[in-house]
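Report on the structure given below.
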Amino acid sequence: MHRYWKKFVAKKTGLAPGEKCLDLCTGTGDIGRAVLKYQPQASVTALDFSSEMLALARENQKKSRDTLRYLRGDAMAPPFPENHFDAVTVGYGLRNVLDLQVCLKNILSMLKPSGVLISLDVGKVGLPVIAELNQFYFFKIVPLIGKWLMPGQEMFDYLPHSSLEYPDQENLKRILLDVGFHQVDVFDFVFGASTVHVAYKAANT
Ligand SMILES: C[S@@+](CC[C@H](N)C(=O)[O-])C[C@H]1O[C@@H](n2cnc3c(N)ncnc32)[C@H](O)[C@@H]1O
């Protein structure tokens with residue numbers, strides 16, 4: 001399902017030919033590639049601080065022959081000037097940064113007026129019974145499947161536990177507005193277990 005959600009993120013960039021996008025915490029470049037599929041004439045930079053992930057991403061690039069520009073860097077201190085990007089995307093990344101507010105302020109400053117940030121991450125399920133089922137699935141079943149598919153991988157334990165600290169949909173929306181985004185739309189999938197925030201910078205800043 002994450003492929004569908006990533007396609008959704010790419011579409012929400014609304015990029016026109018020649019416009020610039022930054023995919024933060026790109027990992028192996030999934031979202032950057034989805035953005036290029038959506039707008040093949042966009043200029044997409046894909047940033048991650050893990051050289052191991054970037055090495056895998058470059059391996060992918062040999063097959064896909066995409067035009068992503070990979071860059072090693074920290075989402076807490078991205079090396080770009082103000083008003084530079086038309087869109088910033090981030091998938092399962094904001095949950096990991098050291099200081100969410102500082103990171104969001106940096107993103108806002110890198111965006112051009114009317115630019116857009118799209119973040120895909122885990123969300124909180126609202127309906128109580130489904131929330132219980134989701135907790136069970138996420139905390140018990142997902143780690144088991146993970147251990148079976150990728151023995152020794154901590155990711156499937158880390159993912160649910162890191163989501164406990166991460167703000168829920170409404171709180172993240174409030175934080176985005178507090179740091180200065182002008183408008184924030186929230187799109188929930190699977191009862192809110194997965195969520196996309198689309199945050200716009202004002203036109204007149
Ligand atoms: C769960 S992966 C998500 C990868 C990709 N965005 C996706 O949706 O498939 C999170 C990625 O964020 C990167 N990351 C975490 N904190 C970061 C930071 N402060 N700066 C840059 N990359 C970071 C990790 O190295 C990892 O590749």
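Summary of values
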| read-out | value |
| --- | --- |
| The stretch 164-205, residues that are crowded, with 16+ Cβ neighbours inside 10 Å, of a type in the set (Val, Ile, Thr) and farther than 20 Å from Phe138 by Cβ | Ile175, Val179, Val184, Val198 |
| Selection from the stretch 29-55 of residues that are surrounded by 15 or more Cβ atoms within 10 Å (Cβ to Cβ), within 14 Å of the ligand (Cβ to nearest atom), in a helix (DSSP H, G or I) and among the hydrophobic types (A, V, I, L, M, F, W, C) | Ile31, Ala34, Val35, Met53, Leu54 |
| Filter result for Arg72 (within 12 Å of the ligand (Cβ to nearest atom), closer than 27 Å to Leu176 by Cβ and open to solvent by less than 70 Å² (accessible area, probe 1.4 Å)) | no |
| Boolean, Tyr158 is open to solvent by 20 Å² or more (accessible area, probe 1.4 Å), more than 16 Å from the ligand (Cβ to nearest atom), aromatic (Phe, Trp, Tyr) and under 20 Å from Cys25 (Cα atoms) | no |
| Single condition Val125 does not satisfy, out of (1) surrounded by 15 or more Cβ atoms within 10 Å (Cβ to Cβ); (2) closer than 29 Å to Leu15 by Cβ | (2) |
| Residue check, Ser43 under 20 Å from Asn96 (Cα atoms) and modelled with pLDDT of 95 or more | no |
| Selection count where residues are on the phi < 0 side of the Ramachandran plot and either part of a loop (DSSP other than H, G, I, E, B) or open to solvent by 40 Å² or more (accessible area, probe 1.4 Å) (or both), scope the stretch 9-28 | 10 |
| Answer from Gly146, Gly93, Gly152 - the residue that is within 16 Å of the ligand (Cβ to nearest atom), small (Gly, Ala, Ser) and without any contact (Cβ under 8 Å) to a residue 40 or more places away in the chain | Gly146 |
| Residue match in the stretch 95-110 (condition: more than 19 Å from Gly27 (Cβ to Cβ) and not assigned by TED's automatic domain parsing to the domain that holds Val35) | no |
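The values are calculated or read from the model by the stated rules, or taken from the named source; none is laboratory data. Note that this is a predicted model, so its numbers are computed, not measured. No Cβ is skipped: glycine too gets one built from the backbone with ideal geometry, and neighbour counts run over all protein chains shown. With ligands, DNA and RNA removed, areas are computed over all heavy atoms of the protein, side chains included. Shrake-Rupley method; radii C 1.70, N 1.55, O 1.52, S 1.80 Å.
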